[in-house]
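Worksheet for the structure shown next.
Computed from the coordinates by the stated procedures, all read-outs in this text should not be read as laboratory data. Everything quoted here is computed from the prediction, not taken from an experiment. Virtual Cβ from ideal backbone geometry, glycine too; neighbours counted across all protein chains shown.
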Amino acid sequence: MTQAFLPFALPDIGEEEINEVVNTLRSGWVTTGPKTKEFEESFARYIGGNVEAISVNSATAGLHLALEACGITHGDEVIVPTLTFTATAEIVRYLGADPVFVDCDLNTLCIDISQIESKITTKTKAIIPVHMAGLPCDMEAIIAIARKYNLRVIEDAAHTCPSKINNIYIGQHDSDAIVYSFYATKTITTGEGGMIVTKNTELAKRCKVMRLHGISRDAFDRYTSTKPAWFYEIVAPGYKYNLSDIASSLGLCQLAKADRFQVRRQQMAELYMKELADLPVILPPQVVNAETDLHSWHLFCCQLNTDKINRDDFIVAMSQKGIGTSVHFIPLHFQPYWQEYYKLKAEDFPNASKYYKNAFSLPLYTKMTHDDQLRVIKAVKEILR
Ligand SMILES: *Cc1c(COP(=O)(O)O)cnc(C)c1O
């Protein structure tokens with residue numbers, strides 16, 4: 001009997017989420033309103049450290065708003081890793097600025113911090129580190145460089161709900177903004193959604209205005225404050241990036257499960273680590289100190305380490321065994337737009353280029369059963385032994 005195909009990722013939506021969405025639908029308030037306010041307050045409390053949380057309809061929107069609020073504009077340069085999803089760099093182009101790509105560190109798959117300073121010019125205004133797969137970047141080192149050169153820091157924390165380093169949650173560091181994703185495949189999901197976290201009240205204010213058309217009060221305030229309901233002021237040509245109460249009701253339930261999800265993901269990662277240890281596979285980097293650091297294990301990123309089979313054939317073989325895998329990520333210097341526009345060369349990014357050649361990600365999500373995971377392990381062993 002052939003088993004059903006095991007997808008690479010699936011959201012973990014329970015009856016709680018379904019009931020909460022139904023309640024919201026029945027409430028008559030479906031766009032940004034009380035549920036969104038509650039989700040923002042809960043998220044800020046979850047991250048801790050007196051941060052403010054500003055919901056948006058995607059991490060891409062959140063990164064765009066944060067960068068805009070930092071005043072990034074035409075001609076500015078922003079340092080980004082090449083090993084990331086295109087959203088990290090595209091938002092720099094939205095503002096007419098130029099991303100400057102940095103290779104990854106093969107020990108972390110995050111930006112190679114030792115190469116950042118050599119990329120800084122008089123035009124550099126910001127750094128966007130990405131906590132790759134949920135492994136936290138060394139934020140103290142990145143913030144130290146930023147202080148030295150007077151740069152802004154916006155963390156692409158799309159993979160990090162939750163991650164921590166040196167006992168500090170990602171979200172609590174003194175960056176200008178930290179941006180989370182609640183896309184369908186991420187550790188917690190609202191279908192589409194994101195959150196900006198910041199301690200900077202001026203930045204928060206600007207993001208709130210720009211996420212809804214440049215209106216000086218959001219829709220919820222507009223209908224509940226003492227000022228006349230019809231009155232609003234446009235202070236800038238803003239965007240339409242607000243999160244709906246339908247999405248936020250999902251988010252509230254998912255956030256309540258985030259720690260449990262992380263524990264399960266960690267168990268699954270440990271089982272993969274143990275079972276695949278003797279195979280010709282470079283396993284994902286782990287946290288430096290398991291006592292003080294937390295890996296969200298959003299992704300389980302491996303590299304083949306054999307001449308017997310190449311990556312593309314390995315992915316086909318896995319798929320023939322009914323298992324979905326993926327690649328995180330195709331480095332941006334290999335993507336036609338970025339490569340051609342910025343004349344990027346593979347040899348300028350040797351680590352990410354080498355990683356990509358052999359990279360594959362195994363399925364790791366809380367909807368997978370123990371038997372599902374054993375099936376993945378068995379398939380990898382059969383192909384590589
Ligand atoms: C998913 C992802 C994003 C974009 O998230 P959206 O919520 O889909 O906009 C940004 N950066 C990284 C690294 C991601 O993986």
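Expressed as an acute angle from 0 to 90° and rounded to the nearest 10, what is the orientation of the C-alpha long axis of helix 311-320 relative to the principal long axis of the chain?
90
Can you pull the one-decimal nm distance between simple spin-label points at S42 and R26, each 7 Å off the Cα toward Cβ?
Distance between the two pseudo-spin positions: 1.8 nm.
Too long at a 25 Å Cα-Cα cut-off: which of K186/K240; K35/K199; K35/K205; K119/K205? It would help to have the intermediate numbers written out before the result.
Numbers: K186/K240 22 Å; K35/K199 22 Å; K35/K205 20 Å; K119/K205 31 Å.
Over 25 Å apart, Cα to Cα: K119/K205.
Exceeding 27 Å between C-alpha atoms, which entries from my cross-link table qualify? They are K164/K308; K148/K343; K308/K354.
Over 27 Å apart, Cα to Cα: K164/K308; K148/K343.
In a GNM of the chain with a 10 Å cut-off on Cα contacts, which of A204, A89, A317 has the highest mean-square fluctuation?
With Cα springs under 10 Å in the chain, the top fluctuation among A204, A89, A317 is at A317.
May I ask for the equivalent-ellipsoid semi-axes of segment 258-384, computed as the square root of five times each C-alpha gyration tensor eigenvalue and listed largest first in whole Å?
Ellipsoid half-lengths, sorted descending, are 27, 20, 14 Å.
Using 0.36 nm per residue, how much length does the chain from I18 to K381 gain when fully extended, once their Cα-Cα distance is taken away? Display every interim value, and only then the final one.
Numbers: separation 363, 0.36 × 363 = 130.68 nm, distance 3.82 nm.
Net length gain for the segment: 126.9 nm.
Per residue, how big is the convex hull around the C-alpha atoms of the chain? Give it to me in cubic angstrom, could you?
On the way: hull volume 54.9 nm³, N = 385.
About 143 Å³ per residue, rounded to a whole number.
For K186, K274, what ranking results if the residue with the fewest other Cβ atoms within 10 Å of its Cβ goes first? Can you show the working numbers first?
Values: K186 24, K274 11.
Lowest to highest Cβ neighbour count: K274, K186.
Only bridges whose two residues both fall in the chain count here: according to DSSP, what percent of them are antiparallel, nearest 5?
60
Just want to confirm a number: the relative contact order over segment 258-384, from Cα pairs under 8 angstrom separated by 6+ residues, in percent.
33
I want the local charge near E140. Using Cβ-Cβ distances under 14 Å, sum +1 for each Lys or Arg and -1 for each Asp or Glu among the other residues. Intermediate results must be reported in sequence, preceding the final value.
On the way: positive: R147, K148, K164; negative: D138, E155, D174, D293.
Counting the neighbours of E140, the net charge comes to -1.
Report the convex hull volume per residue for segment 47-90, counting only C-alpha atoms, in Å³.
118
What 222 nm value per residue comes from the helices of the chain, counting each DSSP H run with n ≥ 4 as -39,500 (n - 2.57) and dividing by all residues, nearest 500 deg cm²/dmol?
When only DSSP H runs of four or more count, the value is -11500 deg cm²/dmol.
Which residue fluctuates most in the GNM of the chain (Cα springs below 10 Å): A247, A290, A177?
Maximum fluctuation in the GNM of the chain, among the listed residues, is at A290.
For the chain, what does the relative contact order come out to in percent, with C-alpha contacts under 8 Å and a separation of six or more?
22
Please tell me the relative contact order of segment 73-123 in percent, rounded to the nearest whole number, where contacts are Cα pairs under 8 Å and at least six residues apart.
On the way: 74 pairs, mean separation 20.3, N = 51.
The value is 40 percent.
How much length is gained on full extension from N150 to Q320, taking 0.36 nm per residue of separation minus their Cα-Cα distance?
Gain on stretching N150 to Q320: 56.0 nm.
Give the span of segment 194-315's Cα atoms along each principal axis, as three whole-Å numbers ordered largest to smallest.
The principal-axis extents, from largest down, are 70, 31, 28 Å.
By the scheme Lys and Arg +1, Asp and Glu -1, what is the net charge of all other residues having a beta-carbon under 13 Å from that of S58?
Residues close to S58 contribute a combined charge of 0.
With Cβ to Cβ distances under 14 Å as the rule, what net charge do the other residues near A277 carry (K, R +1; D, E -1)?
0
Along the charge dipole of the chain, which of F349, C110, P99 sits closest to the positive end, that is, farthest toward it, with unit charges on the beta carbon of Lys, Arg, Asp and Glu (+1, +1, -1, -1)?
Ranked along the dipole, the leading option is P99.
Could you work out which residue, out of A256, A44, A359, moves most in a Gaussian network model of the chain, that is, has the largest mean-square fluctuation with Cα springs under 10 Å?
The residue with the greatest mean-square fluctuation here is A256.
Just how far, in whole angstrom, is segment 48-93 from segment 1-23 if you go by their alpha carbon centroids?
Comparing the Cα centres of segment 1-23 and segment 48-93, I get a distance of 30 Å.
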